[in-house]
Amino acid sequence: MKRKFLVIIPFLAIFGQIAFSQNKADASLADRMSVSIKYYDRTMYYPENPDTNPIFVHISIKNNSSETLRFKLADDRMFSCDFDAFTIKNTQLPQTENLISKRTTNQTVYFREISLETGEEYSFIENVKDYVKIAEPSIYYIELNFYPELYKSKYIAKTSNRLTLEIRPSPKAASSSVLPVKNKTAELLKPEEISPDKVVEQTIIARQKSLWDQYFLYLDVEAMLLKNSAQKRKYNAVSAEERNRMLTNYKADLMQAKIENDIVAVPEQFDIERTVYTKTEGTVTVTEWFKYPNYREKKSYVYKVRQREGIWQIYDYTVTNLGTE
């Protein structure tokens, strides 16, 4: 009995060393690579419709070590990576039914082994909407988890950088835009040197049609944010990265009508009454009507505008109620 006991102890010790070495090697595999993502052919994104309005992301895997990096890559990339999407409140969006179905069904997963020498990269493109259900317009943050030993070994993973994803309300069929949009590509949309009254007019029309990219085109979001003294103190005290995050969150709150309800209210009708401006400052007075089930509300808006590098922007406003009709 005593001899058997002595034989078992070394065996267990050796087995433990092997398991420890394997875990260490697995961890080293992820540590020796970097994974980065960026938008591929970025455009305007809307909820749902993964086929007609995909969110293509360019994925790059790089060998950062001094040794050859070898990892597995599934022919069906859903067994090699995951996209995680979060709201501004850090709530994670659900996965698509197709993704869940694939991973819970018994099937053979075909893959190949990729070898990268020092500094080499391997890239491919995936559609975020194939992985994540995006049902509502809002601001989201997305990141990628890459599994170098496939999804079955998902405890071995490398997480990418984060991207900010703006999902806009789906355009209505009747909303043929008279505003400067080219091929529905947000990157090509640039402010023009138009007069203050035209700036206000285009901003209101954009809001009527839920065209958020055009709505923000002539709106000085930073100035609007800094009207709040507490936000201003925080904004001035944080890093540039955190400032960008504050501005993104502020835009998301505007889109969801959580703040500044008057500036994002949708008028049924509006008339520009008066425009007064100098070379750098001005005001545009607009009468706006808002339709409710049993009445119409009438308000007077005074939009404050200023010029920067030839472009007029709305930086503040006041509202006066004129009664109901």
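The values are calculated or read from the model by the stated rules, or taken from the named source; none is laboratory data. Because the structure is predicted, anything quoted here is derived from the model rather than measured. Methodologically, a virtual Cβ is constructed for each residue, glycine included, from the backbone with ideal geometry; neighbour enumeration extends over all protein chains shown. We work out accessible area using only protein heavy atoms, side chains counted, and drop any ligands, DNA or RNA first. Shrake-Rupley method; radii C 1.70, N 1.55, O 1.52, S 1.80 Å.
Assorted remarks:
Yes or no, residue by residue, for (1) among the hydrophobic types (A, V, I, L, M, F, W, C); (2) in contact with a Gly (Cβ under 6 Å, 6 or more places away or on another chain); (3) crowded, with 19+ Cβ neighbours inside 10 Å:
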| position | (1), (2), (3) |
| --- | --- |
| 217 | yes, no, yes |
| 223 | yes, no, no |
| 229 | no, no, no |
| 234 | no, no, no |
| 264 | yes, no, no |
| 281 | no, no, no |
| 293 | no, no, no |
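- Subset tally (residues that are assigned to a helix (DSSP H, G or I), over 19 Å from the mean Cα position of the chain (by Cα) and basic (Lys, Arg)) for segment 215-252: 3
- Every condition in (1) of a type in the set (Val, Ile, Thr); (2) crowded, with 18+ Cβ neighbours inside 10 Å; (3) in a loop (DSSP other than H, G, I, E, B); (4) in contact with a Ser or Thr (Cβ under 8 Å, 6 or more places away or on another chain) holds for residue 118 except the one numbered (2).
- Whichever residue in segment 300-325 is under 18 Å from residue 270 (Cα atoms) and polar (S, T, N, Q) and, among such residues, is surrounded by the most Cβ atoms within 10 Å (Cβ to Cβ): 300
- The single condition from (1) surrounded by 13 or more Cβ atoms within 10 Å (Cβ to Cβ); (2) closer than 21 Å to residue 143 by Cβ; (3) at pLDDT 90 or above that residue 76 fails is (1).
- Yes/no for residue 67 being at pLDDT 90 or above, more than 30 Å from residue 190 (Cα to Cα), open to solvent by 30 Å² or more (accessible area, probe 1.4 Å) and touching a Ser or Thr at 6+ places or on another chain (Cβ under 7 Å): no
- Residues (in contact with a Ser or Thr (Cβ under 9 Å, 6 or more places away or on another chain) and part of a strand (DSSP E or B)) located in segment 121-130: 121, 122, 123, 124
- Yes/no for residue 297 being part of a strand (DSSP E or B), at pLDDT below 95 and open to solvent by 70 Å² or more (accessible area, probe 1.4 Å): no
- Residue within segment 98-110 that is open to solvent by 90 Å² or more (accessible area, probe 1.4 Å), within 29 Å of residue 66 (Cβ to Cβ) and at pLDDT below 90 present: no
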